[in-house]
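Enquirer: Attaching a single structure in structure tokens format; questions to follow.
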Amino acid sequence: MVKLSLQEMPIGTVAIAESGGCITNLYFQQDTLPHDAERCETQLIREAFRQLYGYLKGELKEFTLPLAPVGTPFMLRVWHLLSDIPYGATASYKEVATAIGNPRAVRAVGMANHRNPLPLFIPCHRVVGSDGSLIGYRGGVALKQALLELEHSTLAHFPQ
């Protein structure tokens, strides 16, 4: 059974879902929530919100949560690679496609990013156009820009 809880965060209302002891989804305010989820706050969901809040306040650089995104094998490969993009860094869609062994799969990488069920926890906001432009984000380009600015501004506050 999927368990789901909503909480107000600095970026608006966010919902986090858990199933089988893993975080499965993060929903932004504009996303449609599953109707069959049990509304409750588990210990794991509380921890996910605590870490998310720490990240959004610039106090946490890396999440330590059990994640279980559901997608095609291609999407899972992309999402795994996105998790390796360091805090404060970016990679282009082309670089991600090349890293998974298919340099011509740029559009497919973009679609995998768009369907990422765990934005923020799997940092698809760190993927940009080849020229550095901010291309698309499920939470909106303004949020993508704010997240990248947050990461760049807090890098100076963290010991390297």
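Enquirer: Give the number of residues within region 8-39 that are surrounded by fewer than 16 Cβ atoms within 10 Å (Cβ to Cβ) and touching a Ser or Thr at 6+ places or on another chain (Cβ under 8 Å).
Expert: Counting residues in region 8-39 that are surrounded by fewer than 16 Cβ atoms within 10 Å (Cβ to Cβ) and touching a Ser or Thr at 6+ places or on another chain (Cβ under 8 Å) gives 2.
Enquirer: Would you confirm whether or not region 74-85 contains a residue that is open to solvent by 60 Å² or more (accessible area, probe 1.4 Å), under 23 Å from L33 (Cα atoms) and either out of contact with any strand residue (DSSP E or B) (no Cβ under 6 Å at 6 or more places or on another chain) or aromatic (F, W, Y) (or both)?
Expert: Scanning region 74-85 turns up at least one residue that is open to solvent by 60 Å² or more (accessible area, probe 1.4 Å), under 23 Å from L33 (Cα atoms) and either out of contact with any strand residue (DSSP E or B) (no Cβ under 6 Å at 6 or more places or on another chain) or aromatic (F, W, Y) (or both).
Enquirer: I need the full set of residues from region 89-119 which are farther than 21 Å from F63 by Cβ and in contact with a Phe, Trp or Tyr (Cβ under 7 Å, 6 or more places away or on another chain), in order please.
Expert: Correct list: V106, A108, V109, G110.
Enquirer: Same structure again: Which is exposed (fewer than 14 other Cβ atoms within 10 Å of the Cβ), part of a helix (DSSP H, G or I) and modelled with pLDDT under 95, of S133, S153?
Expert: Sole residue among the options that is exposed (fewer than 14 other Cβ atoms within 10 Å of the Cβ), part of a helix (DSSP H, G or I) and modelled with pLDDT under 95: S153.
Enquirer: Restricting to region 60-71, and then to whatever is over 12 Å from the mean Cα position of the chain (by Cα) and in contact (Cβ under 8 Å) with a residue 12 or more places away in the chain, can you tell me which residue is most open to solvent (accessible area, probe 1.4 Å)?
Expert: V70
Enquirer: A further question follows. Going through R104, R126 one at a time, which residue ends up being of a type in the set (D, E, K, R) and either modelled with pLDDT under 95 or surrounded by fewer than 16 Cβ atoms within 10 Å (Cβ to Cβ) (or both)?
Expert: Answer to the check: R104.
Enquirer: The conditions are (1) over 15 Å from L147 (Cβ atoms); (2) open to solvent by 40 Å² or more (accessible area, probe 1.4 Å); (3) polar (S, T, N, Q), and T42 fails exactly one of them. Which is it?
Expert: Among (1) over 15 Å from L147 (Cβ atoms); (2) open to solvent by 40 Å² or more (accessible area, probe 1.4 Å); (3) polar (S, T, N, Q), T42 violates only (2).
The values are calculated or read from the model by the stated rules, or taken from the named source; none is laboratory data. Nothing here was measured: the structure is a model prediction, and the numbers come from that model. Methodologically, a virtual Cβ is constructed for each residue, glycine included, from the backbone with ideal geometry; neighbour enumeration extends over all protein chains shown. Note: accessible area is taken over every heavy atom of the protein model, side chains too, but ligands, DNA and RNA are not part of it. Shrake-Rupley method; radii C 1.70, N 1.55, O 1.52, S 1.80 Å.
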